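What follows is a single structure, written as structure tokens, with notes after it.
The values are calculated or read from the model by the stated rules, or taken from the named source; none is laboratory data. Please read all numbers here as calculations on a predicted model, not as lab measurements. Note that we place each Cβ from the backbone using ideal geometry, even for glycine, and neighbour counts take in every protein chain shown.
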Amino acid sequence: MVTQQLARRVPLIGHESVLPETSNYLMSDGQHMTTGQTCPSNFVWLTGVNGPPSSLLQSVTRAHYRRMERKQLQNGRAGLRALASGGGSMCLEQTVSGDETPYPYEMIEESAEFLLSRTKLRPKIGVICGSGLGPLAEQLEDRDIFPYETIPNFPVSTVAGHAGRMVIGTLDGVPVMCMQGRFHSYEGYPLWKCAMPVRVMKLMGVDQLLVTNAAGGINREFNIGDIMIIKDHINMQGFAGDSPLRGRNDERYGPRFPAMNNAYDKTLRQKTLELVKDLGLQDVVREGVYVMLGGPTYETVAELNLLRVVGVDAVGMSTVPEVVVARHCGMRVFAFSLITNMCIVEYDTEAKASHTEVIETATMRQKDLQKLARLIIKIMSEDGYVAGDE
Ligand SMILES: O=P(O)(O)O[C@@H]1C[C@H](O)[C@@H](CO)O1
Ligand SMILES: Nc1nc2[nH]cnc2c(=O)[nH]1
């Protein structure tokens, strides 16, 4: 029943947690439902105490919802009201979507074809911009910009510091496609959906991927602002039985059981380490092991002690699903973490991790992150890599 389904919802912005007594609910797929009907497991619904007229409700499409959702995230409820042309207060909620089935190949193809038909560029290098690297996309020339809500089948970014656009353009003459903002599992997305843009890139012809993130430093020799080239990862959610590859395997992407022992390309790492001196970054660039935890909580002291003992250098909330999917479909991967904060491993302190600190460090190191990303893209484009050559 409706009420049981509601108990499983995660309110994104809503101010009403109980579905009001009204007979008119609009689902994100455009269906109307009435009280007492069983709701589909994953939808967005919109209603309101003095909600918009039903003619407006009827004209609201899925894309409208996504626009409204983003506007509301950016501008508070005023943005949503403006879009609803004078409607009253609203409630917007989204279900936890962990039980969704991964998109079939054809849906990924649809997203890829949409983008290919709207840009003349054919990038072979993809970039996923984590916190702090988003402004790299502003440096691209001849840009074609696609807000995620306009791309068929794409999720939307909901985190501060993640713009939510696919930007295709050239960087120092090299065609690249940049995700300016990514998807995290703590936003309510299943792991396969966090990583689905990687498959879209693959079907568009991308065969090398640069992935970046913000992470907390566990290695006590690290400092805030260091950049850690990822040499390996620990897939903690994989330990718990979750994976972006969970479910039926589609051989068109890759094998059922992909190897992960060489996930982060050694040649790219070595060349980058040799060349960072030219950028004056030799004292801040490190190498290390990244672990992804689901978030959104930062770690307890006991959790950090555990991670240190098992050889983790930095901890974050992303990257691993994208890398697993990229490696599954044969992409060459390079990844780095910006150490935005040092993890707090003392019990007797008032200090605590915060997203504000993450954003502040990321902003402070923006220019160096861009310099490093440009270098890696140059190496990727010039070192004669041929997909499938390993
Ligand atoms: O997308 P990334 O991994 O850069 O974002 C990090 C991890 C969380 O989303 C957030 C925590 O402050 O920053
Ligand atoms: N899990 C986790 N993610 C982060 N992202 C940036 N800093 C951190 C951190 O300290 N922990």
Of everything in the stretch 350-368, what is within 14 Å of ligand 2 (Cβ to nearest atom) and within 21 Å of the chain's Cα centre (by Cα)? Give them in sequence order. ALA353, SER354, HIS355, THR356, GLU357, VAL358, ILE359, GLU360, THR361, ALA362, THR363, ARG365
State all residues of the stretch 339-390 that are closer than 17 Å to MET317 by Cα and outside any loop (DSSP other than H, G, I, E, B); if no residue qualifies, say none. ILE339, THR340, ASN341, MET342, HIS355, THR356, GLU357, VAL358, ILE359, THR361, ALA362
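Could you check, for the stretch 150-171, whether at least one of its residues is in a helix (DSSP H, G or I) and modelled with pLDDT under 95?
The first filter runs over the stretch 150-171 and keeps only residues in a helix (DSSP H, G or I), leaving 150.
When the remaining residues are screened for being modelled with pLDDT under 95, the result is 150.
The answer is yes, given that some residue of the stretch 150-171 is in a helix (DSSP H, G or I) and modelled with pLDDT under 95.
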Give all pairs with beta carbons closer than 7 Å in which a residue from the stretch 263-278 that is farther than 10 Å from ILE229 by Cβ meets a residue that is modelled with pLDDT of 95 or more and assigned to a helix (DSSP H, G or I); count only pairs at least 6 apart in sequence or on separate chains. ALA263/VAL323; ALA263/ARG327; LYS271/ILE379; LEU275/LEU375
Report yes if some residue within the stretch 342-349 is surrounded by 22 or more Cβ atoms within 10 Å (Cβ to Cβ) and in the same structural domain as CYS178 (by TED's automatic domain parsing); otherwise report no. yes
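Where residues in the stretch 254-300 are assigned to a loop (DSSP other than H, G, I, E, B), among the hydroxyl-bearing types (Ser, Thr, Tyr) and within 16 Å of ligand 2 (Cβ to nearest atom), which of them is surrounded by the most Cβ atoms within 10 Å (Cβ to Cβ)? Write out each step before concluding.
The initial filter retains those residues of the stretch 254-300 that are assigned to a loop (DSSP other than H, G, I, E, B), namely 254-265, 280-284, 293-300.
Applying the additional criterion that residues be among the hydroxyl-bearing types (Ser, Thr, Tyr) yields 264, 297-298, 300.
Right, trim to within 16 Å of ligand 2 (Cβ to nearest atom) and you get 297-298, 300.
Numbers: THR297: 11, TYR298: 19, THR300: 12.
Ranking the candidates gives TYR298 first.
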Enumeration of residues in the stretch 118-167 that are more than 16 Å from ligand 1 (Cβ to nearest atom) and within 21 Å of LYS193 (Cβ to Cβ): PHE146, PRO147, GLU149, THR150, ILE151, PRO152, ASN153, PHE154, VAL167
Can you report the number of residues in the stretch 314-335 which are more than 10 Å from ligand 1 (Cβ to nearest atom), part of a loop (DSSP other than H, G, I, E, B) and on the phi < 0 side of the Ramachandran plot? 2
